[in-house]
Amino acid sequence: MSQTKEYDVKWFILFPALAMMLGWGLRGHIGGGPFGAMIPGAMVAMSLGLLLELPVNVIAVLTVFGVVGIGLGGEMTYGQTLGFLRIPETVLWGTIGTTVKGSVWGLLGGAVLAMGFFFNRIPKKTLIVAFLLMMVGMFLGFKLINDPMIIYFSDPSNPRPESWAALLFGAIALLIYLKFKISKAEFKIIFRFALLGMVGGGLGFGLGSLWMVLGSLLPDVIFNSWWKAMEFSFGFLLGAFLGVAAWLSRKELKSELTNESKPPEIPFKSGYIELGLILVAGLVTFWLIPKTLEPFVDAANNNDGFVVGFLRDVARILVNYAFYGFLFVLWIVRFPKLAWQIGITLTFCHTAIDLFLDFFPEVDTLSPFTMYFLFVLLTTAAVAAFVWYFSQKKNAGRNMFLLLIWSCVIISFSRMGINPEKLNIEGLSFSQIIFGRFVVDIFFAVSALLLTFVVAKK
């Protein structure tokens, strides 16, 4: 993208909207849950950094806060909530549920993402306490609203644990603390991102979920990817509103952040240290915590004792993505140069994990002596090496964005091998091939090409 042009509001709306739309669609296609939500989080953060023409080290940190902030909402369950939209009697309740869940997703996600702008300005103690208080707020939301199902947007006859109130309480605790600990100008921007994120998330998920209603009324049409239409709409509108927040804040952000010092060149030998550190971070994230804490939480769910129940509640927060996000922030507090690896490599790592599990669903994911570990290690190591290489070059932000886009798109298209009969188009009409069989894949390819054109344009 041009280094001199002043982008107008339409770019601030369309570019992050398109980036997050693709990221959100990929999230549902190659890796769900909070780790899958890191994809749109990284993409929207990088799009904003490029639009604002921020220094590359600021964009790198912003990417980490993007994957943390948007990933947080991925803990929410909403399959049963969307199921309400297929039943006329429960359409309204389902729509309220998706609107509420989208709103809190955007509220907390927007606030955390915006904190990344001020990573080098907010005292590290303040940053750490803010995340700890956010997790305390989440704990209260679980215990006061979600666990007792005071307001419940899933099926009571087949209950699933909800977390929308946990995210809401976490966002409130975070914002109240920051209100009194950072400058008025900084808080104004963070609150703006939180507020517009809430509006964009509410409209995106609330209106986007109505595709499910339309799908229930049109069961026999060729196009039936209504779930993906919902995801694309959610991503587009949330990305657009975050873009508006960036546009409204552009003068303050550019004037304050464009003078941030760039990191020094990293000697070649430091590359091994960087790759070693991201290996440790990946093992902690995707192996150590799942191996040690998640089994305890599962076992403790059947124990009603007070002590075990308390420990279970604590461990429940430690296996929540909020704790993983907290660890990501601690990593870059200690090792700021690791930001690109956290934002890009760990985001990709989960897509590799998800792809392998779809091919081999019975694999033991907790054993390091399997082809599963080798596949994930090799593919992720390749991306980590590219991240290290591009971080040394000019236009690092642009190249990192393209690396994430196409590595995820390649993983997406690789999934066709899971169900080879999808490639059998014998007897299908042109419309059935385009709008029925491959519409989502075509959408991914076109969106990725458009983003590539925008990012690479001089």
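Bear in mind that the values in this text are calculations on the coordinates, not laboratory data. Predicted model, so just to flag it, every value in this text is computed and none were measured. Cβ placement follows ideal geometry from the backbone for every residue including glycine, while neighbour counts extend to all protein chains displayed.
Plainly put, the range 32-72 has a radius of gyration that is 1.01 times its Kirkwood radius, both from alpha-carbon atoms, as the Rg/Rh ratio. Look at F443, F413, F193 and count the other Cβ atoms within 10 Å of each Cβ; fewest to most, that gives F413, F443, F193.
Averaging the sequence gap over all C-alpha pairs within less than 8 Å and six or more residues apart, then dividing by the number of residues, gives the chain a relative contact order of 23 percent.
Give a residue-ordered list of calculated ³J(HN,Hα) values for the range 286-296 (Karplus: 6.51 cos²θ - 1.76 cosθ + 1.60, θ = phi - 60°; whole Hz; x for Gly, Pro). Per-residue couplings from phi come out as 9, 9, 5, 5, x, 6, 9, 8, 4, x, 5 Hz. Taken one residue at a time, the phi angles of the range 94-110 give Karplus couplings (6.51, -1.76, 1.60, θ = phi - 60°) of x, 5, 4, x, 5, 5, 4, 5, x, 5, 6, 4, x, 4, 6, x, x Hz. Gly and Pro are set to x. Annotation: the residues Y78, Y272, sorted from fewest to most other C-beta atoms within 10 Å of their own C-beta, follow the order Y272, Y78. May I ask for the net charge around T126, where only other residues with Cβ less than 13 Å from the Cβ of T126 are counted and Lys, Arg are +1 while Asp, Glu are -1? In short, +4.
With the convex hull of its Cα atoms as the shape, the range 161-241 has an orientation-averaged projected area of 6.6 nm². Once every DSSP H run of n ≥ 4 in the chain is given -39500 (n - 2.57) and the sum is divided by its residues, what mean residue ellipticity at 222 nm do you get, rounded to the nearest 500 deg cm²/dmol? Taking each H run of at least 4 residues, the total per residue is -22500 deg cm²/dmol.
Taking the charge dipole of the chain about its Cα centre, with +1 at Lys and Arg Cβ atoms and -1 at Asp and Glu Cβ atoms, the residue from F35, L127, N146 reaching farthest to the positive side is L127.
Count Lys and Arg as plus one, Asp and Glu as minus one, and take only other residues whose Cβ is under 15 Å from that of M230; the net charge is then +3.
Please work out the Cα convex hull volume for the range 387-452 and give it in Å³ per residue. Please list the in-between numbers first.
Numbers: hull volume 5.4 nm³, N = 66.
Dividing the Cα hull volume of the range 387-452 by its residue count gives 82 Å³.
Between T292 and L377, the modelled labels are 2.0 nm apart [label points 7 Å from Cα along Cα→Cβ]. Sorted ascending by nearby beta carbons within 10 Å, beginning with the fewest, H29, H350 become H29, H350.
How do the peptides 114-123, 214-223, 378-387 rank, highest first, by the average count of neighbouring beta carbon atoms within 10 Å per residue?
Details: 114-123: 21.5, 214-223: 11.8, 378-387: 18.4.
Order by mean packing, descending: 114-123, 378-387, 214-223.
List, in the order given, every pair from K337/K394; K125/K184; K337/K393; K101/K251 whose Cα-Cα distance in the structure shown is over 20 Å. Mind dumping the intermediate values first?
Working: K337/K394 16 Å; K125/K184 18 Å; K337/K393 14 Å; K101/K251 31 Å.
Long pairs (Cα-Cα over 20 Å): K101/K251.
Centre-to-centre, using Cα atoms only, the range 156-203 and the range 422-452 are separated by 37 Å. Net length available on complete extension from S157 to L248 is 28.2 nm, with 0.36 nm assigned per residue and the Cα-Cα distance removed.
Exposed loop GluC sites (Glu not before Pro) only (DSSP loop, at most 13 other Cβ atoms within 10 Å): please give the longest stretch of the chain free of them, not including the sites. Walk me through the numbers before you get to the answer.
Values: sites that count: E6, E265, E362, E426.
The longest such stretch corresponds to 7-264.
Between S414 and S367, the FRET efficiency from the beta-carbon distance, with R0 = 30 Å, is close to 0.80. In whole angstrom, the range 9-456 maps to an equivalent ellipsoid with semi-axes of 30, 27, 24, each derived as √(5λ) from the alpha carbon gyration tensor and ordered largest first. Computed extension gain for K143 through K422, at 0.36 nm per residue and net of the alpha carbon distance, reaches 95.9 nm. Rounded to whole Å, the principal axis extents of the Cα atoms in the range 6-113 read 51, 28, 24, largest first.
Solvent-free Debye calculation, one equal scatterer per alpha-carbon of the range 333-458: log10 I(q)/I(0) at 0.10, 0.17, 0.19 Å⁻¹ equals -0.43, -1.00, -1.11.
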